[in-house]
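Asker: The structure under discussion is supplied below as structure tokens; questions concerning it will follow.
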Amino acid sequence: MSASATSAPRRFAFSPRRVRDRIGDAVLYVLAAAAALLVLVTVALLAYELVKQSWLAISEFGLGFVTSRAWDPVKSEFGALDFIFGTVYTSFLAVLVAAPAAIAIALFLTELAPRGFRTVIGTLVELLAAIPSVVIGLWGIFVLGPFVQHHLGPFLSRWLGFLPFFKGTPQLTGYLPAVIVLTIMILPITASVARELFLTVPRDLKEASYALGATRWETIRGVVLPQTRGGLVAAVMLGLGRAVGEAIAVTQVIGDTLGIHVSLFENGDTLASRIAAQYQAAATNIHISSLVYLALVLLVISLITNIAAQVIVRRFERQLAGR
């Protein structure tokens, strides 16, 4: 072989497939970045519009709106404290009941239930999430309300009446029916997400735990739950976000009444419920602006909830990675 042949530069053939892949990578990057940017722009525009529409109330009441308990459209006096309390109170109690039940359902479907029942029960749980909120609200009016007033309420008052949560006279509407309705609405979402999380736990880890002599409960407590606790927090926070923003079903059962009460037998109201109930009938600009101000407060609460969830999840992920 001559020296000229060995020193000749090599020629590379450009494959059409390689060019298409590069173009596809660029298009995918642009589309994904645009989708992520669209979410940020949407949230920013939503916040801007809420601030713009509520500026009249912000100028009139300032941050004192958040701590004021007044709500009198006749005198043009408005405040959000009662509704903030109702939103936080009912949502927290609903999550407190729904989270353990949802995790238990997910564990049963993934670890304990016979294979023949897993699909059936899992499908029923997911179908519960598809029921419209207005239908659940109507069920709350016609079925849950009378049951609470005549059966559940008297039972709780008789045996737990020494607690401030169960003092008073049970009614058709109130915090207790609202909490039960919210629990039913967030239960299938949390259970479905938790079920998918438990299915992602490597089977090798569970089999190794069984091989070391651990019982099923010890495996769940020592392997399954630690591996998924970050995702479980996110699932619970997802349910909490649903509870905080629910309007129609809560409006139908909570009583639409001002007041801050600890007793679950008392009537109350929430931010979303007040907006849904009064926005169409608002007659003055300050009333409309105050309702939008409530929506802005609700948005802030939702953002704080999601940020707190992200912080907790990342902390759990760091602890798991450290192990």
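Asker: Ignoring ligands and nucleic acids, what accessible area does S209 show with a 1.4 Å probe (Å², nearest 10)?
Answerer: S209 has an accessible surface of roughly 20 Å² with all protein chains in place.
Asker: Could I ask something else about it? In straight Cα distance, which aspartates and glutamates are under 17 Å from K75, not counting same-chain residues fewer than 8 positions off?
Answerer: E60
Asker: Let me ask another. Sum up the charges of everything whose Cβ sits under 14 Å from the Cβ of I84, counting Lys and Arg as +1 and Asp and Glu as -1, but leave I84 out.
Answerer: Numbers: positive: R69, R274; negative: D82, D269.
Once positives and negatives cancel, what remains is 0.
Asker: Suppose each label sits 7 Å from its Cα in the direction of the beta carbon; what would the V143-A26 distance come out to in nanometres?
Answerer: 5.9 nm
Asker: Principal axes first, then extents: for the Cα atoms of the chain, list largest minus smallest coordinate on each axis, whole Å, largest first.
Answerer: 103, 60, 35
Asker: Using r as the Cβ-Cβ distance of A211 and Q280, and R0 as 56 Å, what FRET efficiency do you calculate, to the nearest 0.05? Write out the running numbers ahead of the final one.
Answerer: Numbers: r = 64 Å, r/R0 = 1.14.
After rounding to 0.05, the efficiency reads 0.30.
Asker: Expressed in nm to one decimal, what extension gain is obtained for the pair H151 and F165 from 0.36 nm per residue of sequence separation less their Cα-Cα distance?
Answerer: Numbers: separation 14, 0.36 × 14 = 5.04 nm, distance 1.66 nm.
Length gained between H151 and F165: 3.4 nm.
Asker: In percent, how large is the relative contact order of segment 64-159, given Cα pairs closer than 8 Å and 6 or more residues apart?
Answerer: Numbers: 34 pairs, mean separation 11.0, N = 96.
Answer for segment 64-159 is 11 percent.
Asker: Also: For segment 101-206, which trypsin sites (Lys or Arg not before Pro) pass both filters: DSSP loop (anything but H, G, I, E, B) and at most 14 other C-beta atoms within 10 Å?
Answerer: Working: sites: R115, R118, R158, K167, R195, R203, K206; in loops: K167.
Counting only loop positions with at most 14 other Cβ atoms within 10 Å, none of the trypsin sites (Lys or Arg not before Pro) in segment 101-206 qualifies.
Asker: Something else now. Please express the Cα-Cα pair-distance distribution P(r) of segment 116-250 as a list of whole percents, one per 5 Å bin, running from 0 to the bin with the greatest distance.
Answerer: Computed distribution, short to long bins: 2, 9, 14, 14, 14, 14, 12, 10, 6, 4, 1, 0.
Asker: Quick one: how many Å² of F265 are accessible to a 1.4 Å probe, rounded to 10?
Answerer: In the full protein context, F265 sits at about 0 Å².
Asker: Per residue of the chain, what 222 nm ellipticity follows from adding -39500 (n - 2.57) for every DSSP H run with n ≥ 4, rounded to the nearest 500? Walk me through the numbers on the way to the answer.
Answerer: Numbers: 15 runs with 222 residues, N = 323.
The per-residue figure over the chain is -22500 deg cm²/dmol.
Asker: Hey, in the GNM for the chain with a 10 angstrom Cα cutoff, which one of F83, F165, F92 fluctuates hardest?
Answerer: Evaluated over the chain, the most mobile residue of the options is F165.
Asker: Suppose accessible area is computed on protein heavy atoms with a 1.4 Å probe; arrange T251, T119, T90 from highest to lowest.
Answerer: Values: T251 40, T119 95, T90 0 Å².
Order by accessible area, largest first: T119, T251, T90.
Asker: When the solvent-accessible surface of protein heavy atoms is calculated with a 1.4 angstrom probe, in what order do E77, E317 fall, highest first?
Answerer: Sorted by accessible area, descending: E317, E77.
Asker: Could you give the accessible area per residue of the chain, probe 1.4 Å, as a whole number in Å²? If you can, show how the numbers build up before the last one.
Answerer: Working: 18810 Å² over 323 residues.
Counting only protein heavy atoms, the per-residue value for the chain is 58 Å².
Asker: Further question on the same structure: What angle, in degrees between 0 and 90 and rounded to the nearest 10, separates the Cα long axis of helix 175-199 from the longest principal axis of the Cα atoms of the chain?
Answerer: Tilt of helix 175-199: around 10 degrees.
Asker: By accessible area of protein heavy atoms, probe 1.4 Å, what ranking do E218, E60, E196 get, highest first?
Answerer: Details: E218 80, E60 125, E196 100 Å².
The most accessible residue leads, giving E60, E196, E218.
Asker: From Cα pairs below 8 angstrom and at least 6 apart in sequence, can you work out the relative contact order of the chain, rounded to a whole percent? Spell out each step's value before the answer.
Answerer: Details: 380 pairs, mean separation 82.4, N = 323.
For the chain, the relative contact order is 26 percent.
Asker: Turning to a different aspect of this structure: Out of the total accessible area of the chain (probe 1.4 Å, heavy atoms of protein only), what percent is carbon and sulfur? Could you put the intermediate results ahead of the total?
Answerer: Numbers: 12710 of 18810 Å².
Its accessible area is 68 percent carbon and sulfur atoms.
Asker: To continue, here is another question. By how many nm would the segment from Q319 to R69 grow when fully extended, if each residue of separation counts as 0.36 nm and the alpha-carbon distance is taken off? Write out the running numbers ahead of the final one.
Answerer: Working: separation 250, 0.36 × 250 = 90.00 nm, distance 4.26 nm.
Net length gain for the segment: 85.7 nm.
Asker: Report relative contact order for segment 130-198 in percent, whole number only (criteria: Cα-Cα under 8 Å, sequence separation at least 6).
Answerer: Values: 33 pairs, mean separation 24.0, N = 69.
Relative contact order for segment 130-198 comes out at 35 percent.
Asker: I've got another one for you. How much length would be gained if the chain were fully extended between V120 and N306, taking 0.36 nm per residue of separation minus their Cα-Cα distance, in nm to one decimal?
Answerer: On the way: separation 186, 0.36 × 186 = 66.96 nm, distance 3.22 nm.
Separation in residues times 0.36 nm, less the Cα-Cα distance, equals 63.7 nm.
The values are calculated or read from the model by the stated rules, or taken from the named source; none is laboratory data. Values in this document were obtained by computation on a predicted structure and should not be read as measured data. Note that we place each Cβ from the backbone using ideal geometry, even for glycine, and neighbour counts take in every protein chain shown. For accessibility, only protein heavy atoms count, side chains too; no ligands or nucleic acids. Shrake-Rupley method; radii C 1.70, N 1.55, O 1.52, S 1.80 Å.
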